[in-house]
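A.B. asks: Dumping the structure here so I can ask a few things about it.
No value in this document is a laboratory result; all are computed from the given coordinates. Source: prediction; values computed, not measured.
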Amino acid sequence: MKAMQVPHSLRSLRALVGLPGAIYRRKALPPAFAYVLLIGLPGAIVVAGASYYLPILAIALLLLCGGMVQRMAWSRRRFAGWQWLAALMLLVFQPEWSGLDVAPFARVAIGCVVLALGQVTVLTWRIVRLSRQIQRMAEAMSDAGILASLPAPAAEDARRWLAGDGRRQMELAQVVMLSVLHAALASVPAQRGAKRLLMAE
C-alpha cells in the first residue's frame, strides 16, 4: 500500500497513526463468513420448515460457535470448550439410536445453541467496544506520546521524517500504527492474551 505523502509544513506523527482500532478488530474477530453462516443456517431451516434437521443444525451451530469463541478468546491452540463437547454429546445421543424422547432432546439442543449464540454475541460486542476505545485513545495521543512509544531506531526515523526526510514514510507509518496500537492496548482493559493475538499474525 502506498503511503500518502504529507507536506513538510504539515507533518505530524498523528497523521501516520491510521486506524489501529480497525486493525485490532479485524485480527480479533472471526471472518465475516462465520457470521453469515451463524445467521444463515437457522434461517435456512426456518424457511425449509423441517424440524427433522434440528439436531444437525444444533451440532453445526455449536461447532461453529466453538470455533468463533476459540478465536475471540485468543486460545487457538486449545480445545474450543463446552460447545464442541455439547456437539459431541448431541451426536452421540441422537434419539434415532439412543432411545431418548425427541422433545427433551430438542429442548436441550435449543438451549445449548442459545447459550452458544449468546456467548458469541457478548464476545463480539466486547471486542467491538474495545476497538473503539483503542481508536479513541490512539487519536488522543500527541506527537510526543507517539514518539515515546516507538522503538529507538523508529524514533530516529520519526524525527528525520518530521524534519523533512520522507524516504521511509511507508515503513514508519506501519511502525507508528503498531506502536500506537500496543500503547493503547496497555492503557485499556484488554482481555488477557490480546497482545499475543497481534504478535501471532
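A.B. asks: Once phi is turned into ³J(HN,Hα) by the Karplus curve 6.51 cos²θ - 1.76 cosθ + 1.60 with θ = phi - 60°, what whole-Hz value does each residue of segment 101-111 show in order, with x for glycine and proline?
C.D. replies: For segment 101-111, the Karplus curve yields 5, 5, 5, x, 4, 5, 5, 5, 4, 5, x Hz.
A.B. asks: State the extension gain, in nm to one decimal, for the chain segment bounded by Leu19 and Leu37, taking 0.36 nm per residue of separation less the distance between their alpha-carbons.
C.D. replies: Details: separation 18, 0.36 × 18 = 6.48 nm, distance 2.76 nm.
Result for the pair: 3.7 nm of gain on full extension.
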